[in-house]
Each structure stands twice: as C-alpha cells, then as structure tokens.
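J.: Handing you this structure, nothing more for now.
The values are calculated or read from the model by the stated rules, or taken from the named source; none is laboratory data. Just so we're clear, the structure is a prediction, and the values are computed from it rather than from any experiment. As a convention, Cβ positions derive from the backbone with ideal geometry for all residues, glycine included, and neighbour counts pool all protein chains shown. Please note that ligands, DNA and RNA were not included when accessible areas were found on the heavy atoms of the full protein model with its side chains. Shrake-Rupley method; radii C 1.70, N 1.55, O 1.52, S 1.80 Å.
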Amino acid sequence: MSISSTQYSIEKHKDMYARWCAAAAYGRGLAGGGSSLAFRLIEVSGLDQVAGPEDIGQDVDEWQMSFMKKIESEAVHLGIRDFSFGRAQKLVNIYLKTILVCGGHHHHPNVALLHPPLDYELFKGLRTFLSKNRKCMFEARSAFLAAQKSNPRWTNFSEADYVAHIDAIKLLMAGKPLYQVEEHWKF
C-alpha cells in the first residue's frame, strides 16, 4: 500500500461533499446537466474557494449573488439550454449551506445572512405556514404570494424572481438566521 504524498484534508473532503450535494440538487430536468457540469460551474465561479465565514464578503447578498451570476453566465457560454438563475442559486445555496451552515459555522453573523436554497418543497411549506398565520404575517405573506404569482418555479427563476422570494423570506425571518426558514420545508 502506497502512501499519498499529499494529505486529504477535511477542507477538501467538505468541498467534495458540498459539490456532490449541490450537483444532486440543481439539475432536475436539465438536459446537459449532471455532476461534471456542476463541478465545473462551481470551480469557474470560485465557489470552491470558500472554506469558512472569513471568506464571506462585506455585503453578503452581493457576495452570494456574484457566484450565481458567474455560474449562470458560464452555463450560457457553454451552451447549456434552459439554465436559469434559479439553477445557479440552487448550486450556490446548497454548496454554501453544506460548507458553512452545516459545516459548524451556523452561529456566525454572516452565515446567518446566507440565502437558503429555494425549491418547490420549501415553497409548499411556506404557503401552508403563511396561510395559517396570515394575520400576524401579513407583510411576509403578501410579499411571498406576489413573488409566487410572478414565478413559482425555481427552475425558471430570473434574478428578479429570486430576489423577490429572498426578500419575502427576509420579511418572514425578521432578523433570525435565514437558514432557519427551512423548518418549513415539506416533503
């Protein structure tokens, strides 16, 4: 048995696991998708360089969305049909959730500001929760319903569709960590 000259670090292990999680989540019904494309898009965007909260930019929203824009642009450049901003958000948000939120940094104030991955199951849970709490959650419910009316399908999201949904989630969470909205995820 030979011993590798380079050590397989926990950072590399987390990166590989985060890539796999993101790749498994983004490509529903995407012709030409798959793990190799997801891995390439993660690398091209620079997302694979994120290892801890110290890597998060000053403006968390802008920092996070910059990865999504790079990914969407590269997918278009590669000629991947039907690749939307919604698919880019899924890659970025699952990757960051795996590395940072589930990676033990959930108490960090900038990690609390990271956007959750958006999908049908989360939307289904939010519709139920906001309907049951329509009186006390009027503003968040109105924003969420308006975003859903504009476009309820994350796989087809434009940047504006995505931002509308994130803004509604921020209203709902009212200063709590944004990842906690996933308590409403239903399957």
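J.: Please say if segment 125-187 is rounded, prolate or oblate, where rounded means a/c under 1.5 for a ≥ b ≥ c the square roots of the C-alpha gyration tensor eigenvalues, and otherwise the choice is prolate for a/b larger than b/c and oblate otherwise?
T.: Rounded.
J.: Need the full-extension length gain, Ser66 to Ala174, defined as separation in residues times 0.36 nm minus the C-alpha distance. One decimal, nm. Numbers along the way, then the final one.
T.: Details: separation 108, 0.36 × 108 = 38.88 nm, distance 2.41 nm.
Separation in residues times 0.36 nm, less the Cα-Cα distance, equals 36.5 nm.
J.: Then there's this: Please give the calculated 222 nm ellipticity per residue for the chain, where each DSSP H segment of at least 4 residues contributes -39500 (n - 2.57) and the sum is spread over every residue; nearest 500 deg cm²/dmol?
T.: Here the helix-only value at 222 nm equals -17000 deg cm²/dmol.
J.: How many nm is it between the label spots at Met16 and Asp167, if each spot is 7 Å from the Cα in line with the beta carbon?
T.: In this crude spin-label approximation the distance works out to 4.2 nm.
J.: Using only the Cα atoms of segment 87-149, build the gyration tensor, take square roots of its eigenvalues as a ≥ b ≥ c, and label the shape rounded, prolate or oblate: rounded if a/c is under 1.5, else prolate if a/b is larger than b/c, else oblate.
T.: Values: a/c = 2.67, a/b = 1.77, b/c = 1.51.
Prolate, because a/c is 1.5 or more and a/b exceeds b/c.
J.: Looking at the square roots a ≥ b ≥ c of the eigenvalues of the Cα gyration tensor of segment 1-78, which shape do they give, rounded for a/c under 1.5, prolate if a/b is larger than b/c, or oblate? All intermediate terms of the calculation are to be shown ahead of the outcome.
T.: Numbers: a/c = 2.32, a/b = 1.25, b/c = 1.86.
Taking the square roots of the gyration eigenvalues as a ≥ b ≥ c, segment 1-78 is oblate.
J.: Mark the label point 7 Å from the Cα of Arg153 along Cα→Cβ and return the residues of segment 77-118 whose backbone N is within less than 16 Å of it.
T.: Output list for this probe position: 81-88.
J.: Loop only per DSSP, at most 15 neighbouring Cβ atoms within 10 Å: give me the chymotrypsin sites (Phe, Trp or Tyr not before Pro) in segment 1-71, ordered by residue number.
T.: Filter output for segment 1-71: Tyr8.
J.: When the Karplus curve 6.51 cos²θ - 1.76 cosθ + 1.60 is applied with θ = phi - 60°, which whole-Hz ³J(HN,Hα) does each residue of segment 27-43 get, with x for Gly and Pro?
T.: Whole-Hz 3J(HN,Hα) from phi for segment 27-43: x, 3, x, 8, 5, x, x, x, 5, 5, 5, 4, 4, 5, 5, 5, 5.
J.: Can you work out the Karplus-derived ³J(HN,Hα) for every residue in segment 87-97? Use 6.51 cos²θ - 1.76 cosθ + 1.60 with θ = phi - 60°, whole Hz, and x for glycine or proline.
T.: Rounded to whole hertz, the list is 6, 4, 4, 5, 4, 5, 5, 5, 4, 5, 4.
J.: Also, quick follow-up: Mind listing the phi-derived Karplus ³J(HN,Hα) values for segment 45-60, rounded to whole Hz, using 6.51, -1.76 and 1.60 with θ = phi - 60°, and x for any glycine or proline?
T.: Here the 3J(HN,Hα) series is 6, x, 4, 5, 8, 7, 10, x, x, 5, 8, 6, x, 4, 9, 4 Hz.
J.: Counting only C-alpha contacts under 8 Å and six or more residues apart, can you give the relative contact order of the chain as a whole percent?
T.: On the way: 230 pairs, mean separation 42.9, N = 187.
In percent, rounded to a whole number, it is 23.
J.: Still on this structure, please answer the following. For the chain, with the dipole built from +1 on Lys and Arg beta-carbon atoms and -1 on Asp and Glu ones, taken about the Cα centre, which of Gly52, Val111, Ser9 lies farthest toward the positive end?
T.: The one lying farthest along the dipole's positive direction is Val111.
J.: Just need log10 I(q)/I(0) for the chain at q = 0.09, 0.10, 0.12 Å⁻¹, Debye formula, equal scatterers on the alpha-carbon atoms, no solvent, rounded to two decimals.
T.: The Debye formula, applied to the Cα set alone, gives -0.33, -0.40, -0.57.
J.: Cα-Cα over 26 Å: which of Lys135/Lys170; Lys90/Lys124; Lys14/Lys69; Lys12/Lys186? It would help to have the intermediate numbers written out before the result.
T.: On the way: Lys135/Lys170 18 Å; Lys90/Lys124 17 Å; Lys14/Lys69 23 Å; Lys12/Lys186 31 Å.
Cα-Cα > 26 Å for Lys12/Lys186; rest within.
J.: Can you tell me the accessible area per residue over the chain, all protein chains present, probe 1.4 angstrom, in square angstrom?
T.: Spelled out: the 1.4 Å probe surface of the chain, per residue, equals 54 Å².
J.: So, one more: Show which lysines lie in cross-link reach of Lys176 when reach means a straight Cα distance below 17 angstrom and same-chain residues fewer than eight apart are skipped.
T.: Output for Lys176: Lys97.
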